[in-house]
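Colleague: Let me give you the structure first, and then I'll get to my questions.
The values are calculated or read from the model by the stated rules, or taken from the named source; none is laboratory data. Computed from a prediction, not measured in an experiment: that's the story for all the values here. In this analysis, Cβ positions are derived from the backbone assuming ideal geometry, glycine residues included, and neighbour counts consider all displayed protein chains.
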Amino acid sequence: MNIYYWLPFIGKIGTIAAVVNSAISLQKYSKDNYKVTIINAVGEWSEHLDFFKKNNIKVITLNNSNIFKKLPRRGFFFSRLTYFYIFFSCFFRLKKLLHNNPPDIFVAHLITSLPLILNFFYSFKTKMVLKTSGLPKLTLIRKYLWKIVLKKIYFVTAATQGTISYLEKNKVVNKDKIFILNDAMLNCKKIQKLKFENLTNTSLEKGNFILGVGRLTKQKNFALLIKSFVEIIKKYNNLKLAILGEGEDRDDLNKLIQKNNLNNKVYLLGYQKNIFKFLKNCKCFIQSSLWEDPGFVSIEAGYCNTPVISSDCDHGPKELLLAGKAGFLFKSNNKRDLLNVFENFMNSSKSEIYKKAVYLKKNSKLFSMYSHYSQFNDILKSMKTK
């Protein structure tokens with residue numbers, strides 16, 4: 001069975017690892033019954049080509065132009081401009097590919113709507129699958145458009161029951177076409193090796209820092225984390241805050257750090273190839289997001305036995321943390337509640353924290369590569385019987 005993956009991206013996002021691990025797991029555990037191909041829309045996958053070749057994963061490049069590399073990515077306007085470029089520059093190329101070389105399954109990640117629109121207007125000999133992650137709010141216009149383009153969808157997958165309930169409530173796709181599919185976030189052998197690497201930042205030591213990870217965007221709400229940290233260090237002055245990631249809010253966050261005289265306390269460390277050594281050594285990981293599905297880094301933190309404090313936002317941290325049984329939850333975008341929950345964490349006994357960590361690690365393993373393959377395989381089998 002031939003499977004194509006569509007995930008054009010313009011920055012370092014967690015879904016990249018999920019797609020790579022998914023491709024590897026489907027080929028590995030199916031014993032090559034699944035042949036996976038990555039669609040390299042405009043060169044975004046170029047730095048991964050050697051890795052794909054090594055793992056026998058085929059890559060099809062639609063547009064080799066250097067324009068994509070020169071386009072600005074930061075800020076809402078420029079990021080949308082780049083996605084428009086991807087849409088229009090790949091429209092006829094992707095249409096031709098699906099017409100001449102249709103795969104059995106085409107997995108479209110919710111990044112651009114191009115494959116869904118092509119699938120609606122044209123008849124291809126391929127089954128279109130929509131993979132949702134971090135589902136945006138369905139405005140009236142978006143809801144209407146989704147109902148139209150999803151009429152010909154083979155099935156839709158979501159990472160959490162919360163997202164499935166949201167889709168069912170808005171009636172954008174038939175209930176019998178929606179399935180839970182956990183992302184292949186955990187390459188366990190790789191993590192075991194990476195988490196024991198030494199920290200190179202001399203200001204950070206084991207247990208002396210709080211960790212935040214993600215794109216520096218509105219969604220991740222790092223401003224709330226920094227503002228809360230101002231209050232935290234009044235009592236716990238030995239703690240530091242490290243934030244990993246890049247994004248459009250970097251300048252604003254830097255200004256917030258300087259305004260509160262936190263230059264020697266808060267570190268914006270940019271994109272880090274190995275986040276596991278930070279997860280292994282931090283006091284706790286705090287996910288301050290306004291929405292997640294359920295939060296890739298929380299999953300990775302769980303596998304590293306790192307305590308997780310998360311906002312109780314849509315659509316999944318509560319599921320992952322078992323309503324507080326596997327971690328600590330605070331009201332979304334609420335500084336006072338974050339501070340109260342952090343204090344609760346600091347006052348918790350080692351046995352209480354360990355117990356939560358055990359539950360979270362067990363839940364995190366549902367996002368392993370084998371678990372992902374098994375779920376995907378079961379979905380395909382169930383669709384064949386309908």
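Colleague: Would you call Y373 out of contact with any strand residue (DSSP E or B) (no Cβ under 6 Å at 6 or more places or on another chain) and surrounded by fewer than 17 Cβ atoms within 10 Å (Cβ to Cβ)?
Modeller: no
Colleague: Now for a separate question. Within the stretch 279-302, can you find the residues that are assigned to a helix (DSSP H, G or I) and among the aliphatic types (A, V, I, L, M)?
Modeller: L279, V297, I299, A301
Colleague: Looking at N340, N305, can you tell me which residue is outside the structural domain of T163 (by TED's automatic domain parsing), modelled with pLDDT of 95 or more and assigned to a loop (DSSP other than H, G, I, E, B)?
Modeller: Working: N340 fails: assigned to a loop (DSSP other than H, G, I, E, B).
Only one candidate qualifies: N305.
Colleague: Here's another thing I want to ask about it. Condition check: within 19 Å of the chain's Cα centre (by Cα), in contact (Cβ under 8 Å) with a residue 60 or more places away in the chain and either surrounded by 20 or more Cβ atoms within 10 Å (Cβ to Cβ) or under 21 Å from A184 (Cα atoms) (or both). Does P294 satisfy that?
Modeller: Taking the combined requirement at face value, the residue satisfies it.
Results for (1) in the same structural domain as L116 (by TED's automatic domain parsing); (2) at pLDDT 90 or above; (3) under 26 Å from L366 (Cα atoms), shown as yes or no for each residue.
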| site | (1), (2), (3) |
| --- | --- |
| L138 | yes, no, no |
| V149 | yes, no, no |
| T160 | yes, no, yes |
| L167 | yes, no, yes |
| T202 | no, no, no |
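Colleague: Another one. Can you find a residue in the stretch 198-217 that is in contact with a strand residue (DSSP E or B) (Cβ under 7 Å, 6 or more places away or on another chain), among the polar types (S, T, N, Q) and within 23 Å of L338 (Cα to Cα)?
Modeller: Yes, the stretch 198-217 has at least one match.
Colleague: Now for a different question. Consider S288 against the criteria (1) in the same structural domain as E231 (by TED's automatic domain parsing); (2) surrounded by fewer than 23 Cβ atoms within 10 Å (Cβ to Cβ); (3) touching a helix residue (DSSP H, G or I) at 6+ places or on another chain (Cβ under 9 Å): it satisfies all of them except one. Which criterion is unmet?
Modeller: (2)
Colleague: Look through the stretch 111-127, keep the residues that are of a type in the set (S, T, N, Q) and within 19 Å of N2 (Cβ to Cβ), and return whichever of them is surrounded by the most Cβ atoms within 10 Å (Cβ to Cβ). Break it down into steps so the answer makes sense when it comes.
Modeller: Narrowing the stretch 111-127 to residues of a type in the set (S, T, N, Q): 112-113, 119, 123, 126.
From what's left, within 19 Å of N2 (Cβ to Cβ): 119, 123, 126.
Details: N119: 23, S123: 9, T126: 21.
Checking each candidate, the answer is N119.
Colleague: Report the residue count in the stretch 97-122 for those that are modelled with pLDDT under 90 and either among the acidic types (D, E) or not in a strand (DSSP E or B) (or both).
Modeller: The number of residues fulfilling the criteria is 2.
Colleague: Here's a follow-up. How many of the residues in the stretch 158-174 are in contact with a helix residue (DSSP H, G or I) (Cβ under 7 Å, 6 or more places away or on another chain) and closer than 14 Å to M383 by Cβ? Even if it seems obvious, please write down each step before you answer.
Modeller: Our first condition is that a residue be in contact with a helix residue (DSSP H, G or I) (Cβ under 7 Å, 6 or more places away or on another chain); within the stretch 158-174, this holds for 158, 160-162, 168, 170, 172-173.
Next cut, closer than 14 Å to M383 by Cβ only: 173.
Of the residues in the stretch 158-174, 1 are in contact with a helix residue (DSSP H, G or I) (Cβ under 7 Å, 6 or more places away or on another chain) and closer than 14 Å to M383 by Cβ.
Colleague: Yes or no: N33 part of a loop (DSSP other than H, G, I, E, B) and not assigned by TED's automatic domain parsing to the domain that holds E248?
Modeller: Judged against the criteria, N33 is a match.
Colleague: How about the stretch 308-337: which of its residues are farther than 28 Å from K169 by Cβ and either without any contact (Cβ under 8 Å) to a residue 24 or more places away in the chain or not assigned by TED's automatic domain parsing to the domain that holds K277 (or both)?
Modeller: The one that is farther than 28 Å from K169 by Cβ and either without any contact (Cβ under 8 Å) to a residue 24 or more places away in the chain or not assigned by TED's automatic domain parsing to the domain that holds K277 (or both): R336.
Colleague: A further question follows. Within the stretch 356-382, which residues are in a helix (DSSP H, G or I), of a type in the set (S, T, N, Q), touching a Phe, Trp or Tyr at 6+ places or on another chain (Cβ under 9 Å) and farther than 15 Å from P317 by Cα? Write out each step before concluding.
Modeller: First, pick out the residues of the stretch 356-382 that are in a helix (DSSP H, G or I): 356-367, 369-382.
Checking which are of a type in the set (S, T, N, Q) leaves us with 363-364, 371, 374-375, 377, 382.
Imposing the further condition that a residue be touching a Phe, Trp or Tyr at 6+ places or on another chain (Cβ under 9 Å) reduces the set to 364, 374-375, 377, 382.
The answer is S374, Q375, N377, S382.
Colleague: When the residues of the stretch 54-96 are filtered to those that are of a type in the set (S, T, N, Q) and in a loop (DSSP other than H, G, I, E, B), which remaining residue is surrounded by the fewest Cβ atoms within 10 Å (Cβ to Cβ)?
Modeller: Only one residue fits best here, namely N66.
Colleague: Is there a residue being touching a residue at least 60 places away in the same chain (Cβ under 8 Å) and touching a His at 6+ places or on another chain (Cβ under 7 Å) anywhere in the stretch 32-50? Explain how you work it out, then say what you get.
Modeller: Keep residues of the stretch 32-50 that are touching a residue at least 60 places away in the same chain (Cβ under 8 Å), which gives 37.
Still in the list and also touching a His at 6+ places or on another chain (Cβ under 7 Å): none.
Checked the stretch 32-50: no residue is touching a residue at least 60 places away in the same chain (Cβ under 8 Å) and touching a His at 6+ places or on another chain (Cβ under 7 Å).
Colleague: Please find, within the stretch 133-157, the residue that is nearest to the chain's Cα centre (by Cα) out of those that are under 20 Å from S382 (Cβ atoms) and among the hydroxyl-bearing types (S, T, Y).
Modeller: T157
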